[in-house]
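Contents: one structure, followed by commentary.
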Amino acid sequence: MKVSKIPGLGRRGVYIDDIDFDNLTDEEWAIIGKIHLEELVTIIRDTKLTKEKYFKWMNKWGDDRMTYYGMLYKKYPNWSGRLEDAVNDMSWEKHDRESVEFYLRVRVDEGYKLGNIIKVSGMKDDKGNPIGMFAEGELLWHSNESGNIAFAPGVALLGYQGTTKSSTGFLQTADYYEDIDESFRNELNDMVLLHDFTPGKINPGLRDVQDNLMYKNMAPEPNAEIPMVIRSPGGLTGLHYSFNTVVGIKDMKAEEAEKLLTKIKNELETEKYTYDHWYQTDGDLCLFDNSITQHRRLGSTDGRLCYRYQYDYSHLQDGPYMPYFQQPYINQYIERVTFTAKFQQTVMGVNNFKYPNPADYA
C-alpha cells in the first residue's frame, strides 16, 4: 500500500495505490479508515472493485445512511420500509410516491442486498427514463443532505465505467477555518445558516422527477437552520457551507448576508482549498467527508456510471458522532439521527449505530 499527498486541497487529502482488495484484511482497512478521517478526502486508484465488493468493504466502516427514509417513516408510520410498498400505497401523497418510484429506479439492487447504493449517471433507459440520481452535465459544488440537521457524514463514489473524460472535485474548509483570523473565526462560530432547495442549482440539467428527489434529500424543510461551524467525524472543525442550499444567515439582513456569503465563497473557491481528480482509469474509489467538504463533477458524462454509498463512520469511531457545538442544534440532531437510526434498525436490521446520549451534551 502506497500513500501519497494529493497535489492540492491544502493540507488535507491523500492518494492510496497498490491495494489488493482480494487479500486486504479488516485490520488494514480500518487503518485506511483512520487515515481517511484525518485527511477528509482519500482516493484509492484502480481498485478493480465490483459493486458487490465495493458494498462489502464500505459497509465495514459504517452503515448506509438515508435520512430521507426516516423522515418518510415519521410521516407515514405504518410504512413497512420497503420502497415497493410505498409506490403502491395510495394513502401517500403523490409527490412522495413519485420520488420513491424514481429512487427505486436509481438504486443498484432491487433485493436490498447492496443496501442503498445508488447509480450516479446521466444515462437513460430505452424508454428515455433517467437511470441515475443526476442528469447529464456538470454538478456544481454541493454536499449531500446539506440542509438536513442529521446529514450523512460520509460518501464513497466508485467510478465504475466511462469516467476518464470527467473529474470529481473536492473543496475542504478545515484549512480555511484554521487560516482566518481569530476574530472572524469567532464570528463564524456563532453564525447559523438558512438552507432551502432551489431547482437546478446543483445540476442545471435536472428533470422534474429528479428535482423532486433532490429537494427531499438536500433540503426537505424550508429555511432549515444549521450552524456554519461544525465538527467532522475525524474531529476537524470547518464550515458546513454548501453553496447550493444556503439562502441566508439567521438574524442578518439579506443584503448583508449575501455580501458575507459571497466573500467566503470566493475565498474558498481557490486552488488553495480545492482539487479536481481527473480519472485516468475506471475503478477509482473516491472517499470524502460530507460534513465540512463539498464535491463537484466536471467534464463529459457520456456513458459515465458511478456508484454512490452514503454512510456514517460508526464502525471506525469509539463514540457517537456529534457535529454541533451549540444548542438547540445538538438536541435537534440527537432527535433526528436517533429516530432515523432506530427506523433503520427496525426495518433494515442496522444494529451497530452509536447513539449520542443527550446527557453527554447538556
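Any residue at all in the stretch 95-106 that is out of contact with any strand residue (DSSP E or B) (no Cβ under 7 Å at 6 or more places or on another chain) and part of a loop (DSSP other than H, G, I, E, B)?
no
Condition first: under 27 Å from Y275 (Cα atoms), assigned to a strand (DSSP E or B) and acidic (D, E). Can you find one or more residues in the stretch 24-40 that meet it?
Scanning the stretch 24-40, I find no residue that is under 27 Å from Y275 (Cα atoms), assigned to a strand (DSSP E or B) and acidic (D, E), so the answer is no.
When only residues in the stretch 30-66 that are within 19 Å of A341 (Cβ to Cβ) and of a type in the set (D, E) count, which is surrounded by the most Cβ atoms within 10 Å (Cβ to Cβ)?
It comes out as D64.
Could you say whether any residue in the stretch 339-352 is assigned to a loop (DSSP other than H, G, I, E, B), free of Cβ contacts under 8 Å to residues at least 24 places away in the same chain and either surrounded by 15 or more Cβ atoms within 10 Å (Cβ to Cβ) or out of contact with any Gly (no Cβ under 9 Å at 6 or more places or on another chain) (or both)?
Yes - at least one qualifying residue is present in the stretch 339-352.
All but one of (1) within 30 Å of I292 (Cβ to Cβ); (2) surrounded by fewer than 14 Cβ atoms within 10 Å (Cβ to Cβ); (3) among the aliphatic types (A, V, I, L, M) hold for M90, so report the exception by its number.
Here M90 meets the rest and fails (1).
Examine the stretch 220-239 for a residue that is in contact (Cβ under 8 Å) with a residue 40 or more places away in the chain, under 24 Å from T163 (Cβ atoms) and in a loop (DSSP other than H, G, I, E, B), and state whether such a residue exists.
Among the residues of the stretch 220-239, not one is in contact (Cβ under 8 Å) with a residue 40 or more places away in the chain, under 24 Å from T163 (Cβ atoms) and in a loop (DSSP other than H, G, I, E, B), which makes the answer no.
Pick out the one residue from E101, E145 that is of a type in the set (D, E), crowded, with 18+ Cβ neighbours inside 10 Å and out of contact with any Gly (no Cβ under 8 Å at 6 or more places or on another chain).
From the options E101, E145, the qualifying one is E145.
Given the condition in contact (Cβ under 8 Å) with a residue 40 or more places away in the chain and within 20 Å of L261 (Cα to Cα), answer yes or no: does some residue in the stretch 152-171 qualify? Before the answer, list the steps.
In the first step, residues of the stretch 152-171 are kept if they are in contact (Cβ under 8 Å) with a residue 40 or more places away in the chain; the result is 152-171.
Still in the list and also within 20 Å of L261 (Cα to Cα): 170-171.
Among the residues of the stretch 152-171, at least one is in contact (Cβ under 8 Å) with a residue 40 or more places away in the chain and within 20 Å of L261 (Cα to Cα), which makes the answer yes.
Any idea which of E93, E98, E178 is of a type in the set (D, E, K, R) and under 23 Å from T245 (Cα atoms)?
Going through E93, E98, E178 in turn, the sole match is E98.
Would you mind stating whether K56 is out of contact with any helix residue (DSSP H, G or I) (no Cβ under 6 Å at 6 or more places or on another chain) and not in a loop (DSSP other than H, G, I, E, B)?
Spelling it out, K56 is indeed out of contact with any helix residue (DSSP H, G or I) (no Cβ under 6 Å at 6 or more places or on another chain) and not in a loop (DSSP other than H, G, I, E, B).
So which pairs qualify, if the first residue must be in the stretch 189-203 and over 14 Å from G238 (Cα atoms) and touching a residue at least 60 places away in the same chain (Cβ under 8 Å), the second must be of a type in the set (F, W, Y) and assigned to a loop (DSSP other than H, G, I, E, B), the Cβ gap must be under 6 Å, and the two must be at least 6 apart or on different chains?
Between residues of the stretch 189-203 that are over 14 Å from G238 (Cα atoms) and touching a residue at least 60 places away in the same chain (Cβ under 8 Å) and residues that are of a type in the set (F, W, Y) and assigned to a loop (DSSP other than H, G, I, E, B), the close pairs are N203/F134.
Quick note: the coordinates plus some simple rules give every number you see, no bench work behind them. Here the structure is a predicted model, which means the values were calculated and not measured. Cβ atoms come from the backbone with ideal geometry, glycine included; neighbour counts cover every protein chain shown.
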